[in-house]
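I have placed the structure first, in the form of C-alpha cells, so that the comments after it can refer back to it.
The values are calculated or read from the model by the stated rules, or taken from the named source; none is laboratory data. This structure is a prediction, so every number in the text was calculated from the model and none was measured. Backbone-built Cβ (ideal geometry, glycine too); neighbour counts: all protein chains shown. Accessible surface is based on the protein model in full, side chains and every heavy atom, while ligands, DNA and RNA are left aside. Shrake-Rupley method; radii C 1.70, N 1.55, O 1.52, S 1.80 Å.
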Amino acid sequence: MTFDLFDSLPPEPDDDPTETLAPGAVLLRRFARDDDQALLAAVGDVTASAPWRHLITPGGLRMSVAMTNCGSYGWVSDRAGYRYDPIDPDSGLPWPSLPAPFLSLAARAAAAGGYDGFVPDACLINRYLPGTRLSLHQDRDEQDMRAPIVSVSLGLPATFLFGGLRRADRPARVRLAHGDVVVWGGPSRLVFHGIAPLADGDHPLLGHERINLTFRKAR
Ligand code: SIN
Ligand code: FE2
C-alpha cells in the first residue's frame with residue numbers, strides 16, 4: 001500500500017470545473033484544453049492572412065493588446081469609432097473565415113453555459129504580452145444582445161476583471177488559465193469586464209503570450 005500525501009489535503013477551489021460568476025455568466029475551467037493545439041494552429045492560419053495589429057482608440061491611443069479577427073465581421077477601432085467591419089482595413093480583403101475548431105468549441109461552450117444554438121459570426125483574437133492590459137468595457141457593438149459572448153483563454157494566466165452593469169461596480173478578480181472558457185449572456189450580457197496587466201511567465205505552448213478568443217454574434 002502506498003501513502004499519498006495529497007489524499008489528505010482539501011481540494012483546491014479551482015478543482016470545480018464550473019463556476020457561476022453572476023446570473024447568466026459561467027466560468028468553464030479547462031473546457032478548451034483538449035482543443036488547444038487545434039485552436040492555436042487555426043490562430044496561426046488566421047494571422048498568416050490577417051496579421052496582428054495594434055488598433056487606435058477613438059481617442060487616439062494605441063491599444064497595448066494586439067488584435068486580429070476572423071469570421072464574417074471583424075471588430076475594429078480607429079479615430080472614427082468602434083464598429084464591426086466585413087473587410088480587414090489593413091488588407092482590403094474579407095477577414096479569414098471562422099475555422100472549424102473555433103465554431104465547434106464556441107457552440108459546445110455556449111451550450112455548456114446554458115446557451116443552446118450559438119452560431120458566432122465574429123471572433124476577435126487578442127494577444128497579450130507581459131504588462132499589457134484591457135481596460136474595463138462592455139461588449140455593446142453587436143446587434144443581437146440575446147446571443148452570449150464566449151471567451152477562450154490560452155497561454156499565460158490572466159486576471160479577468162468581471163464587474164457589473166455599471167462602470168463603477170467593483171469588479172471581481174477571476175483567474176483565467178490555459179483552456180478556461182467564460183460564457184456571459186442574458187442578464188450579464190452587458191457587464192463591464194477587462195484584463196489586469198498580464199504577469200510574466202513561461203507557458204509551455206505560448207511562452208510569454210496569452211491569447212484570447214472572443215466569439216460574438218455581431219449581426
Ligand atoms: C475582451 O473583452 O475582448 C477580451 C477579454 C479577455 O482577453 O479575456
Ligand atoms: Fe470584451
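How much area per residue is accessible in the stretch 18-216 when the probe is 1.4 Å and only protein heavy atoms are counted (Å²)?
Each residue of the stretch 18-216 exposes 44 Å² on average to a 1.4 Å probe.
Measure off 7 Å from each Cα along the Cα-to-Cβ vector at R170 and D45, then give the distance between these two points in nanometres to one decimal.
Distance between label points: 4.6 nm.
Among A80, A38, V183, pick out the residue whose Cα is farthest towards the positive end of the charge dipole of the chain, where Lys and Arg carry +1 and Asp and Glu carry -1 on C-beta, about the Cα centre.
A80
Apply 1/(1 + (r/R0)^6) to the Cβ-Cβ distance of A100 and S135, taking R0 = 45 Å, and write down the FRET efficiency to the nearest 0.05.
Using R0 = 45 Å, I get an efficiency of 0.85.
What is the magnitude of the charge dipole of the chain about its Cα centre, with +1 placed on the Cβ of each Lys and Arg, -1 on the Cβ of each Asp and Glu, and no other charges, expressed in debye to the nearest 20?
Computed about the Cα centre, the dipole is about 960 debye.
Please sort 203-211, 95-103 by packing, taking for each peptide the average over its residues of neighbouring beta carbons within 10 angstrom, highest first.
Taking the mean over residues of other Cβ atoms within 10 Å, the ranking is 95-103, 203-211.
When the dipole is taken about the Cα centre of the stretch 70-173, and only Lys, Arg (+1) and Asp, Glu (-1) are charged at their Cβ, what size is it in debye, to the nearest 20?
Dipole of the stretch 70-173, to the nearest 20 debye: 560 debye.
Rounded to the nearest Å, what's the spacing between the alpha carbon centres of the stretch 192-215 and the stretch 94-112? Just the number, please.
20
State the percentage of accessible surface on the chain attributable to carbon and sulfur atoms; use a 1.4 Å probe and exclude ligands, DNA and RNA.
So the carbon and sulfur contribution to the accessible surface is 55 percent.
Taking the dipole about the Cα centre of the stretch 18-216, with the C-beta of Lys and Arg at +1 and of Asp and Glu at -1, give me whichever of A196, S104, H54 is farthest to the positive side.
Checked the options; the winner is A196.
Need the full-extension length gain, Q37 to H203, defined as separation in residues times 0.36 nm minus the C-alpha distance. One decimal, nm.
Stretched fully, the Q37-H203 segment lengthens by 58.4 nm.
Extent of the chain along each principal axis, from alpha carbon coordinates, in Å, largest to smallest?
67, 36, 35
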